[in-house]
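Inspection log for the structure reproduced underneath, given as structure tokens.
The values are calculated or read from the model by the stated rules, or taken from the named source; none is laboratory data. Predicted model only: the values in this text are computed from it and were never measured. When we count neighbours, we look across all protein chains shown, and the Cβ atoms used for this are built from the backbone with ideal geometry, even at glycine. When the accessible area is computed, the model is the full protein with side chains, heavy atoms only, and any ligands, DNA or RNA have been set aside. Shrake-Rupley method; radii C 1.70, N 1.55, O 1.52, S 1.80 Å.
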Amino acid sequence: MNSNPSHGFGTRAIHAGQQPDPSTGAICTPIYQTSTFVQKSPGVIVEEYDYSRAANPTRKAFEDNIASLEGARHGLAFSSGVAATGVVIHLLSAGDHVVLCDDVYGGTNRIFHRVFQQMGIEITLVDMTDLDATRAAFRPNTKLAWIETPTNPMLKVVDIAAVAAIAKERGAITAVDNTFASPYLQNPLSLGADIVCHSTTKYIGGHSDAIGGVLVTNDDDLFKRMKFIQLSEGAVPGIQECFLFLRSTKTLHVRMDRHCQNAMAIARHLEQHPKVDKVIYPGLESHPQHAIAKKQMRGFGGMITIYLKGGLDESRKMLEKVRIFALAESLGGVESLIEHPAIMTHASVPAEQRAKLGIADNLVRLSVGIEDVQDLIADLDQALG
Ligand code: P1T
């Protein structure tokens with residue numbers, strides 16, 4: 001049982017990074033629940049393992065698996081998506097400049113502006129769907145372009161190849177938060193990005209039962225530097241989490257197909273709904289970057305953002321009435337979730353920026369799960385009714 005880069009996604013999802021346990025034949029990679037590893041003689045270690053903050057076999061299997069799914073040579077796992085994000089920013093030094101996608105997860109916005117800006121990192125927010133504005137945002141000291149696509153929560157689609165080419169020309173690296181697409185739908189390294197980041201809490205974990213993050217890269221030097229930061233800062237995932245993520249990637253392709261199918265049906269339904277003002281979904285022809293989504297994604301994902309007719313009262317009414325959709329932060333699990341970005345996931349984004357982005361009181365975000373779609377549609381209809 002093994003896997004190589006020429007295998008299809010499903011085969012790699014199930015096999016990459018794993019082989020039967022050599023001592024027992026166990027088909028699943030064991031949970032190596034150990035903090036340390038016995039040495040034969042001082043400094044003489046078995047394989048690469050001396051201490052689990054540095055490396056652990058269950059974590060290594062997950063890191064290799066996710067690297068394979070992104071078409072990368074190297075993978076690194078972290079205790080959360082924001083921990084992974086922080087490691088990329090730690091590649092920079094005071095005085096360096098970042099061109100940051102203007103619409104990103106609230107916690108990403110917060111770590112850039114409220115943790116790293118005060119340490120001397122300079123930041124320019126830009127609407128990366130506007131390539132002229134993006135080009136103009138670069139400065140001589142720009143070291144990093146941070147893309148999120150599709151964006152959270154406005155589902156803007158950024159042309160990864162175009163922005164990565166601009167960054168390269170200007171001597172900066174490009175990192176892409178690929179959480180909303182998952183490696184099944186989009187592989188930014190193949191489009192010129194240097195680093196891919198995921199919150200594995202979302203589609204990769206897929207069951208809303210674990211928090212984690214990963215970084216992958218093909219660049220040996222970036223890998224060495226990020227591995228050093230992983231070791232030095234120690235924001236590594238627990239071993240049980242690594243096992244859960246490794247178990248979950250085996251069904252990622254099957255789950256994502258259903259997420260995409262359900263989301264498309266719901267987006268089309270809501271487009272016709274009298275209580276809905278506007279539906280934002282990259283798979284709809286009405287989406288302003290639909291052509292880019294078609295070019296760089298293999299499917300349009302499970303996230304939908306809608307504007308209701310009305311304001312906060314109408315949003316509250318709907319969000320309190322859902323029965324199958326659960327009112328909760330997060331996304332990407334098998335169960336459908338719904339939330340209010342302005343009050344919940346993006347409350348930490350300054351009100352002025354929220355207003356600029358369109359994160360209004362009548363904006364509602366859906367994470368469409370893999371339940372039966374007719375039940376989901378009926379639930380939304382009764383909640384809107
Ligand atoms: O929650 P954590 O695993 O630390 O991941 C942070 C993160 C990073 N990137 C994106 C695109 C994200 O959406 C998130 C987390 N997002 C939510 C919790 C949310 O409800 O949007």
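Things worth noting here:
- Members of the range 209-231 that are of a type in the set (D, E) and more than 20 Å from L331 (Cβ to Cβ): D219, D220, D221
- S330 vs. criteria in contact (Cβ under 8 Å) with a residue 60 or more places away in the chain, within 12 Å of the ligand (Cβ to nearest atom) and on the phi > 0 side of the Ramachandran plot: yes
- Considering residues of the range 111-155 that are more than 27 Å from L185 (Cα to Cα) and of a type in the set (K, R) only, the residue nearest to the ligand (Cβ to nearest atom): R114
- Check on V364, β-branched (V, I, T), modelled with pLDDT under 95 and buried (at least 21 other Cβ atoms within 10 Å of the Cβ): no
Okay, residues lined up against (1) open to solvent by 20 Å² or more (accessible area, probe 1.4 Å); (2) within 14 Å of the ligand (Cβ to nearest atom):
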{"residue": "Q18", "(1), (2)": "no, no"}
{"residue": "P30", "(1), (2)": "yes, no"}
{"residue": "L69", "(1), (2)": "no, no"}
{"residue": "V82", "(1), (2)": "yes, yes"}
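- Residues satisfying the stated conditions in the range 359-376, i.e. within 16 Å of the ligand (Cβ to nearest atom) and either free of Cβ contacts under 8 Å to residues at least 24 places away in the same chain or under 13 Å from P153 (Cα atoms) (or both): I359, L363, V364, R365, L366, S367
- Failed criterion for A55 (all others in (1) among the small types (G, A, S); (2) touching a residue at least 40 places away in the same chain (Cβ under 8 Å); (3) crowded, with 18+ Cβ neighbours inside 10 Å hold): (2)
- Test: residue in the range 302-309 that is more than 28 Å from H113 (Cα to Cα) and either within 16 Å of the ligand (Cβ to nearest atom) or open to solvent by 30 Å² or more (accessible area, probe 1.4 Å) (or both): yes
- Of all residues making up the range 256-269, the number that are open to solvent by 10 Å² or more (accessible area, probe 1.4 Å) and under 30 Å from P20 (Cβ atoms): 2
- Test for H198: is it closer than 23 Å to I292 by Cα, more than 12 Å from the chain's Cα centre (by Cα), open to solvent by less than 40 Å² (accessible area, probe 1.4 Å) and within 16 Å of the ligand (Cβ to nearest atom): no
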